[in-house]
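Comments concern the structure below.
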Amino acid sequence: VNVGCGPAEERVLLTGLHAVADIYCENCKTTLGWKYLFAFESSQKYKEGKFIIELAHMIKDNGWE
């Protein structure tokens, strides 16, 4: 909800080559992380369809603990 998905691109990450798309806040357009679309190595297939949200992009608001 309230998260948009950018275009797919191939990236070499620590665990190998993956097709990913950046995800962003629909309200403020801040990049939040990425979504795994496709894993080229069979040992990494479990990541497909999963999201990574980087804490560095999160903003504490409304007294979150």
Exercise for the section: List, in order, the whole-Hz ³J(HN,Hα) value for each residue of the range 30-43 obtained from phi through the Karplus relation with A = 6.51, B = -1.76, C = 1.60 and θ = phi - 60°; use x for Gly and Pro. Expected result: 6, 5, 9, x, 8, 10, 7, 9, 8, 10, 7, 9, 4, 6
Fill in the blank from the handout: About its Cα centre, the chain carries a charge dipole, from +1 on Lys and Arg Cβ atoms and -1 on Asp and Glu Cβ atoms, whose size in debye to the nearest 20 is 100
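Give me the count of lysine pairs in the chain whose alpha carbons sit under 17 angstrom apart, restricted to pairs 8 or more positions apart or on different chains.
On the way: Lys29/Lys60; Lys35/Lys45; Lys35/Lys47; Lys35/Lys50.
Step by step, the pairs that qualify in the chain add up to 4.
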Problem - Cα→Cβ-extended label distance, 7 Å offset, between Asn2 and Glu41, nm - result: 3.6
Problem - Label of the coordinate-derived value, log10 I(q)/I(0) by the Debye sum over Cα atoms at q = 0.16, 0.19, 0.29 Å⁻¹, listed as [x] -0.78, -0.88, -1.11; [y] -0.52, -0.69, -1.32; [z] -0.57, -0.74, -1.27 - result: [z]
Handout entry: Gain upon complete extension [Leu17, Leu55; 0.36 nm per residue less C-alpha separation]
Key = 11.4 nm
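If you roll a 1.4 angstrom probe over the protein chains with everything in place, what fraction of the accessible area of the chain belongs to carbon and sulfur, to the nearest %? Spell out each step's value before the answer.
Working: 2790 of 4860 Å².
Its accessible area is 57 percent carbon and sulfur atoms.
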Exercise for the section: Over the range 3-54, average the accessible area per residue using a 1.4 Å probe and give it in Å², no decimals. Expected result: 63
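The values are calculated or read from the model by the stated rules, or taken from the named source; none is laboratory data. These numbers come from a predicted model, not from an experiment. All Cβ positions, glycine included, derive from the backbone under ideal geometry; neighbour counts span all protein chains shown. The protein model used for the area step is the full one, side chains on, heavy atoms only, and it has no ligands, DNA or RNA in it. Shrake-Rupley method; radii C 1.70, N 1.55, O 1.52, S 1.80 Å.
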